[in-house]
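Novice: Handing you this structure, nothing more for now.
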Amino acid sequence: MADNSLLFILRTAPYGSCLAREGLEAALAAASLGQSVSVLFMDDGVFQLVNDQQPAHIGQKNNSAMAAALPMYDIEQRYVDEHSLNNRKLSAENIDRGFTVLNSDAVQKLMAGHRHIVSF
Amino acid sequence: MKFSLIVLGAPGSHQAASSALRFANAALESGHQIYRVFFYNDGVHNGSQLLTPPQGEDNIREAWKSLGEKHGTRMTVCIASALRRGIVDSEEAERYDYNSGNLDEPNFKLQGLGELADAALQSDRLITFGR
């Protein structure tokens, strides 16, 4: 376990509330300050990664474009909860590339392997 | 143990802030420390000087204030979340040419997300209220 590893769990769908966006902002800020950051999208948070989002129609910025910026902030550990995808009739093909799909066991290990978990 | 709290809910519309305050008081009474309370998302409304609950209801801003004064806990309001929601300190009010700010200074401080990273670094546990 890294000395000060942070796991950000993003659990809200985009656009309906601001929490999806501000959760991502918090992860990006922590990474830009040199923290060891991982992100996990689960529950309704998996909707943040659905491809071909067109939020300009409702005057919003594209949330998945922000998620796509994660590698640029050196956030190499990017995960999606498989169970959450399945429950929503989604699969790896429906979401943006660059995220590793984890089963429940792997999610448990991921959580156990971080010093802090911040959930949005 | 040293705790920091993240509060995501506005007072008056969400239980999060009240639960966080109760947790903080219970932890302090048990001999633990609260290093920082980081108000983020709708939680920034906790720092508004203009909170005016009806008679008989607690004013949570006052409660945070006395907790901070008594125990030295930092009350940090995220500047990006705050400005988006109309919570402004005197410096920002001047910058944007507003008549006045509404953040309860100096008990609450408007600061960046770096303070959340700092809280993670300094604390044994980081606990989120409001999600």
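The values are calculated or read from the model by the stated rules, or taken from the named source; none is laboratory data. These numbers were taken from a predicted model, which means no experiment stands behind them. So basically every Cβ, Gly included, is an ideal-geometry build from the backbone, and we count neighbours across all protein chains shown. The protein model used for the area step is the full one, side chains on, heavy atoms only, and it has no ligands, DNA or RNA in it. Shrake-Rupley method; radii C 1.70, N 1.55, O 1.52, S 1.80 Å.
Novice: Inside 10 Å of the C-beta atoms of B:39-47, what's the mean count of C-beta atoms belonging to other chains?
Specialist: Values: counts 0, 7, 9, 4, 0, 0, 0, 0, 0.
Per residue, the average neighbour count from other chains is 2.
Novice: To continue, here is another question. How much FRET efficiency would the formula 1/(1 + (r/R0)^6) give for A:ASN87 and B:SER30, where r is the Cβ-Cβ distance and R0 is 45 Å, rounded to 0.05?
Specialist: 0.70
Novice: Right, here's the next one. How would the protein assembly as shown be classified by its alpha-carbon gyration tensor: rounded, prolate or oblate, with rounded meaning a/c under 1.5 and the a/b versus b/c comparison settling the rest?
Specialist: Here the protein assembly as shown falls in the prolate category.
Novice: Also, quick follow-up: Checking the a/c ratio against 1.5 first, then a/b against b/c, what shape does the Cα gyration tensor give for the range B:49-92?
Specialist: Cα axes put the range B:49-92 in the oblate bin.
Novice: In whole Hz and in residue order, list the ³J(HN,Hα) couplings for the range B:3-14 that follow from phi through the Karplus curve 6.51 cos²θ - 1.76 cosθ + 1.60, θ = phi - 60°; x for Gly and Pro.
Specialist: 10, 10, 10, 10, 10, 10, x, 7, x, x, 10, 8
Novice: Under the Karplus relation 6.51 cos²θ - 1.76 cosθ + 1.60, θ = phi - 60°, what is the ordered set of whole-Hz ³J(HN,Hα) values for the range B:114-126, x standing for Gly and Pro?
Specialist: So the Karplus estimates, Gly and Pro as x, are x, 5, 6, 4, 4, 4, 5, 5, 8, 10, 6, 9, 10 Hz.
Novice: Another question, then. Using Cα-Cα distances under 8 Å and only pairs 6 or more residues apart, what relative contact order does chain A have, in percent?
Specialist: Numbers: 198 pairs, mean separation 45.1, N = 120.
Over chain A, the number comes to 38 percent.
Novice: Let me ask you something else. I'd like to compare A:106-114, B:111-119: which one has the highest average count of other Cβ atoms within 10 Å, and what's the full order after that?
Specialist: B:111-119, A:106-114
Novice: Under 27 Å from the Cα of A:LYS109, which lysines turn up, not counting those fewer than eight places away in the same chain?
Specialist: A:LYS89, B:LYS2
Novice: Roughly what would the spin-label model give for B:LYS109 and B:SER19, points 7 Å off Cα along C-beta, in nm?
Specialist: 2.8
Novice: Now for a separate question. Given a 1.4 Å probe and every protein chain left where it sits, what share in percent of the accessible area of the range B:72-131 is carbon and sulfur? Please report the intermediate quantities before stating the final value.
Specialist: Working: 1220 of 2990 Å².
Carbon-and-sulfur percentage of accessible area, whole number: 41.
Novice: Within the accessible area of the range A:1-89, what % is carbon and sulfur when the probe is 1.4 Å and the other protein chains stay in place?
Specialist: Values: 1970 of 4110 Å².
Accessible surface attributable to carbon and sulfur in the range A:1-89 totals 48 percent.
Novice: Apply the Karplus curve 6.51 cos²θ - 1.76 cosθ + 1.60, θ = phi - 60°, to the phi angles in the range A:46-52 and return the couplings in whole Hz, x for Gly and Pro.
Specialist: Per-residue couplings from phi come out as 5, 5, 5, 9, 4, 6, 6 Hz.
Novice: At 1.4 Å probe radius, can you tell me the per residue accessible area of chain B in Å²?
Specialist: Each residue of chain B exposes 50 Å² on average to a 1.4 Å probe.
Novice: Same structure again: Enumerate the amide H contacts of B:LEU5 below 5 Å, restricted to partners 5 or more residues apart or on another chain; note that Pro and chain-start residues carry no placed amide H.
Specialist: The answer is B:ARG36, B:VAL37, B:PHE38, B:ILE127.
Novice: By per-residue mean of other Cβ atoms within 10 Å, what is the highest-first order of B:20-27, A:98-105?
Specialist: B:20-27, A:98-105
Novice: Follow-up. For B:113-121, what's the mean count of beta carbons from other chains sitting within 10 Å of each residue's beta carbon?
Specialist: Mean partner-chain Cβ count within 10 Å for B:113-121: 6.
Novice: Follow-up. Determine one quarter of the surface area of the Cα convex hull of the range B:74-125, which equals its mean projected area, and express it in nm² to one decimal. Please report the intermediate quantities before stating the final value.
Specialist: On the way: hull surface 15.4 nm².
That works out to 3.9 nm².
Novice: Let me ask something else. Rounded, prolate or oblate, given the Cα gyration tensor of the range B:18-131, with a/c below 1.5 counting as rounded?
Specialist: oblate
Novice: Next question, about the same structure. Pop the C-beta distance of A:SER32 and A:ILE58 into the FRET formula with R0 = 30 Å and round what comes out to the nearest 0.05.
Specialist: 0.60
Novice: Something else: Taking the range A:6-119 as the region of interest, what is the percent of Cα-Cα pairs per 5 angstrom bin, listed from the shortest bin to the one with the maximum distance?
Specialist: Using 5 Å bins, I get a P(r) of 2, 12, 24, 26, 21, 11, 3, 1, 0 for the range A:6-119.
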